[in-house]
1. Any idea what the dipole of segment 200-274 comes to, in debye rounded to 20, about its Cα centre with Lys/Arg Cβ at +1 and Asp/Glu Cβ at -1?
2. Please list 400-408, 507-515, 470-478 highest first by mean number of surrounding beta-carbon atoms within 10 Å per residue.
3. What do you get for Rg/Rh of the chain when both radii come from the Cα atoms and Rh is the Kirkwood radius?
4. Testing the spin-label approximation: label points 7 Å from Cα along Cα→Cβ at Arg201 and Arg30. State their distance in nm.
5. For Lys43 paired with Thr366, estimate the spin-label separation in nm (one decimal), with each label point 7 Å from Cα along the Cα-to-Cβ line.
6. Rounded to the nearest 0.05, what FRET efficiency do Thr441 and Gln58 give with R0 = 41 Å and r taken as the Cβ-Cβ distance? Could you check?
7. With unit charges on the beta carbon (Lys/Arg positive, Asp/Glu negative), name the residue among Ala410, Ile141, Ile276 whose Cα is farthest towards the positive pole of the charge dipole of the chain.
8. Counting only C-alpha contacts under 8 Å and six or more residues apart, can you give the relative contact order of the chain as a whole percent?
Amino acid sequence: MASTPEPEDGRELYALLHLSPDASDEEIRRAYRQYAQIYHPDKYLDPQMKEVATENFQRISDAYEILSDENKRQIYDIYGMEGLNSGLELGPKLTKPEEIKEQLERLRRRKEEEKLFAHARPNGSIIANFSVPQYLDGYGIMKGMGMSSEVELPVSKQNTVVVGGNLVVNGSEGTGAASTVLRHQLSSVSSIEFMATAGLRSVIGMQTSRQISPHSTATSGLAVSLRDGSINLSNAWTRQLSENAVGNIQLVLGDESSVSVGWQKKDEKSTATGEIKFGTNFFGATAHYVHRFSSKSHARVAGRVGSTALDFEIGGGRRISEFSTVRMMYNIGIQGVSWRFELHRAGQKLIIPVLLSTDLNALFVTSAFAIPSTLYFLLQTYVVKPYYLKREKQKTLEKMEGLSTQLTEARKAAKKAQKLLEPVSNRKKNRQLENNGLVITKGLYGNRKKIKESGESNEIDDDVASQVFDVTIPLNFLVTEAGQLKLHEGIKKSGIMGFYDPCPGDPKLLLVEYTFHGRKYKVEISLVATIFYAQIFLTVWFADR
């Protein structure tokens, strides 16, 4: 028999009252009354029994309150408990599912917008340049400093304002600028930006972007200098070359005319980029490659060559928290040998380049690379890696302990619910015995493999018992006066009162042994509940013949 996984959504409220998703109002009232008679706290004098009854009575009352309200039930059917708990409300005039769904979507979009407006997205960086040769010559070690920051403020779903500024200090000289950008989304495939910058270079401009095909995007820009009236025009084209590769071409016409061709390829383990750029007074080529060893660490190699630069860079980085990454780079070029430290935290960056020497002495170049690399690998091997392994192991243990605790509590709750069902279940069972009807002699629910193993050996050891749950009592309770047992289609069986899921995520099986007219039967159900109902119904029907 082919296997079909149990429904994930579960329709817990329907399972709790043992109802079909298509149940009528009368069926909902009848089911509630049936369970209310069992779980009403006033029926019990024993404090422990009263506590269990109160807890379960509250559960069925909450389920009844939702399913008996037409609007709440339709919200639940479409969005589940999330839709009800999100505070969405419907007007009394909405009766059709289409109208309710439309209203829910409208209210959900409004809440998303409110959440969006409540959070601006800041980005910024601080660069502090240090120079050891300058310090050895008797000057300050700080060579220069730069800061930049911008805040992206959503005004609406189509409009965004970006406000930013930068400040650069080099020795006794400095400069700064402030900028504002208004970005408007014209459609799902096009947008336009208006930009203004005030400072040493005051500029106003605009830029449009449009997706011209599923794989191509074009961008055009115009910038006018308020200082001398010069105009710069730019055009860029980006195309998806393959699933992992993107190519781009950019043309700039103006005081600093240039043309550049770039390429990027990115997959799960690596990223490679390259660019060649020619201008009226310069040329250059850059390339870099990043290899990710894991989700937490990576290595980077980069190089630049051109009329104003010639250097090679190597280094790596590691993610130290959910939002923070540290990097260390080693650079050798025409300006000398330097280290660069970086700290990335969300949208913020702290970058500290340290110029070590302007002389390209072979021994110094080798030492400047070998010493920090050796220290890093020693630290990684004997300190960082053991620490993270220990922490991951601890997290895994805590997660397993937490899951084990949750399963233990769920098992206890299911047994308590069965304890209150047991008297009624036994009365139903005795009536079926008197009428020679349907009696469930054994019901097991849980891990498919463990149940089959226990059936072959006729033994249930501790390992099997932890992943299998006896549901004989609730199954007998669900047998109708007519001697039928039906589990509704699309209902998660673990949500039925007196059930629980002993092995989350594993394939499950429901094993049922029963008697009818004095004859014994056995079924194993790994399909949806309707197949289970069909098997028992047909077995009973043929036995009756």
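1. Computed about the Cα centre, the dipole is about 100 debye.
2. 470-478, 507-515, 400-408
3. Result for the chain is an Rg/Rh of 1.13.
4. According to this spin-label approximation, the distance is 8.0 nm.
5. 8.7
6. Working from the Cβ atoms, E equals 0.80.
7. Projecting each Cα onto the dipole axis, the largest value belongs to Ala410.
8. 11
The values are calculated or read from the model by the stated rules, or taken from the named source; none is laboratory data. Predicted model, so just to flag it, every value in this text is computed and none were measured. Here the Cβ is made from the backbone with ideal geometry for all residues, glycine too, and neighbour counts use every protein chain on show. Each accessible area value is taken on the protein alone, full model and side chains, heavy atoms only, with ligands, DNA and RNA left out. Shrake-Rupley method; radii C 1.70, N 1.55, O 1.52, S 1.80 Å.
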